[in-house]
Structure formats: C-alpha cells, structure tokens
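As structure tokens, the structure follows; a few thoughts come after it.
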Amino acid sequence: MATTARRRRDPAPHLVLWGLVALAAVMLVPFAIIVLNALKSPADYATSGPLSLPDEVHAQGIVDFWQRVDFGSKLLNSFVIAGSVAVLAVVVSVLNAYALGIGRIRGRLWVLTLFLIANTLPQEALVYPLYHLFKQVDLYDTRLGVIIVFTIVQAAFGTYLLASTLSGFPREVLEAARVDGANRWQVLVRIVVPISRPTLGVLFVFFFIWTWNEFLIPLVLLISDENQTVPVALGILQGQRMMDATTTSASALLGVLPAVVFFLFFQRTLTRGMTVGAVR
C-alpha cells in the first residue's frame, strides 16, 4: 500500500510533461516572431523593432510577396510534386518491402544494404549526374523529372523501414490466407496493406513534408519560373535582397504554413501509426 501511494504521488511524470510543454513553447517562439513581423508595416517594424506587437494588422507584405512571385502557382507545383512523391513512394516501398520482408527473395540482405547505402548518399553527389541524365531524356525542367527522383529517394528509405517491419509479419496469418486460396497479390492488398495502414500513413506524412522542404535538387532541375517550388522561389527572391524585413517574414510564413497545416491535418494519422508501432 505504501508503495502504491508513493507511486501515485510521484511528481516525475508531471515534471516531464511540463518540461515538454516548456520545450514546445520555446520552439514556437521563432514562428510567433515571424507571424508578428509578417503582420507589421515597414514603418512599424522600423519604429518598434521585431519583438513588439503590431499597432495594427498590416497584410500588405503578404499580398506583395504573393503577387511578386506568383505564389499560387508555386504552391500548386509544390503540392503536385510532394503529393505525387508521397503516394508513389509509399506504393513502391510497399511493393519492394513485400518482396524483401515477406517474399524473402535471394540476396535480401545485400539488397537491403544497397537501400541503406542509397539513404546515406548526399544530394550534392546526385545533382551533376541527374542534370546530364535529364538533359538527355528530355526531363530537365519538368515536374515529372523531380517526382521520379524523389520517389526513388524516398522509396529507398521506405523500403528499408518496411522490409524490417514486414519481416516480423505473423506467418500464421499469411498461411491462413493461402489456405483460403488467396494469391500473392490478394495477400498484399487484402491483408498486408490493411494491417500496415498506420505505418504507411506515417510514411506518407513524412514523405510529403520531406519532399516539400527539398531545395537543392529542385533548384538545379527546375529553372523556369512556372515550374519552381515554394522553397526555391523563397530562396531565390531572398537571395536577391529585394524584400524588406516584413515582406521577408511574410514569405517565410507563407512558405512554412502549408506544411504546418498538412502536418496538423494528418496529426492523428501520425500519432496512431506511432502508437501502433509502439504497441507491436
């Protein structure tokens, strides 16, 4: 009884919780500063500085930046590329991992080693070969080319992760499905994918956000203004030093806000996938 009462009065979990809340608050400070400065006028910023509250809401910086870079088209490009990569990379990862983790093909360990090595390659090593390859196959300065590149890159990570997960898939379930007459494709679609859906949801969210934030390869492969993504447009315009502090804050806000909204929208999927993984 004494031990039970002592555990109930243990303050450690509450301290950890408040510590995490404080850490989250600290991490939100830069975002809050960006929002404050994005809603200021240049005169208000020059008078009061970056840490003061705006005297009045001034959204002209957001409007100016949106019109200057044609932000709507950049937003569409990023959504098309990131969304396509997220879906295709998950599909390719599932197919590869099904063959490696459940099919147990010959040379499985060597194939997984190759995927692991592919995950460690820096993008700087890929830019020069991709540039010349895409020039030869007429994929340079196309969204399709970037989608293909990042689908392969993200699927390398997804395959390595899912193959390790599916290697522990219950064999009794697979054998029961085969006894019922299910072929390999039916086992994948009707059994493996539904059971692995939380993990696939986590991969989808990560693939989307990772692809959304990519800068180097889209910068090299997408040179025309109508094909550029949001990070590339932000980097080019800020590098030209053509914006004041409030417009720069507005550009940063518009650049990060879609990814934040996407993350919050799929937060339940992400949490459910991690919880299922922890229970397993």
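So, R0 is 22 Å and r is the distance between the beta-carbons of Leu219 and Ser73; what FRET efficiency does that work out to, to 0.05? So, using R0 = 22 Å, E works out to roughly 0.85.
In this view, the solvent-accessible surface of His14, computed with a 1.4 Å probe and all protein chains in place, comes to about 110 Å². For trypsin sites (Lys or Arg not before Pro), the sites in the stretch 72-121 that DSSP calls loop and that have at most 12 other Cβ atoms within 10 Å are Arg104, Arg106.
Mind checking the full-extension length gain between Met27 and Leu144? Use 0.36 nm per residue of separation minus the Cα-Cα distance, one decimal, nm.
Contour length minus Cα-Cα distance gives 38.6 nm.
Extent of the chain along its three principal axes (Cα atoms, max minus min coordinate, largest first): 75, 75, 30 Å. The slack in the chain from Asp64 to Ser48, taken as 0.36 nm per residue of separation less the alpha-carbon distance, amounts to 3.6 nm. Relative to its residue count, the stretch 93-176 spans a Cα convex hull of 110 Å³ per residue. In the neighborhood of Asp55, defined by Cβ-to-Cβ distances under 14 Å, what is the net charge if each Lys or Arg adds +1 and each Asp or Glu adds -1? In short, -1.
When the alpha carbon gyration tensor of the stretch 116-221 is reduced to an equivalent ellipsoid, its three semi-axes come out at 35, 15, 12 angstrom, largest first.
Computed from the Cβ-Cβ distance with R0 of 51 Å, the FRET efficiency linking Glu175 to Ile236 stands at 0.35.
The values are calculated or read from the model by the stated rules, or taken from the named source; none is laboratory data. Just so it is clear, the model here is predicted, and its values are computed rather than measured. Here Cβ is always computed from backbone atoms with ideal geometry, including for glycine, and neighbour counts include all displayed protein chains. Surface accessibility is based on the protein's heavy atoms, side chains included, excluding ligands, DNA and RNA. Shrake-Rupley method; radii C 1.70, N 1.55, O 1.52, S 1.80 Å.
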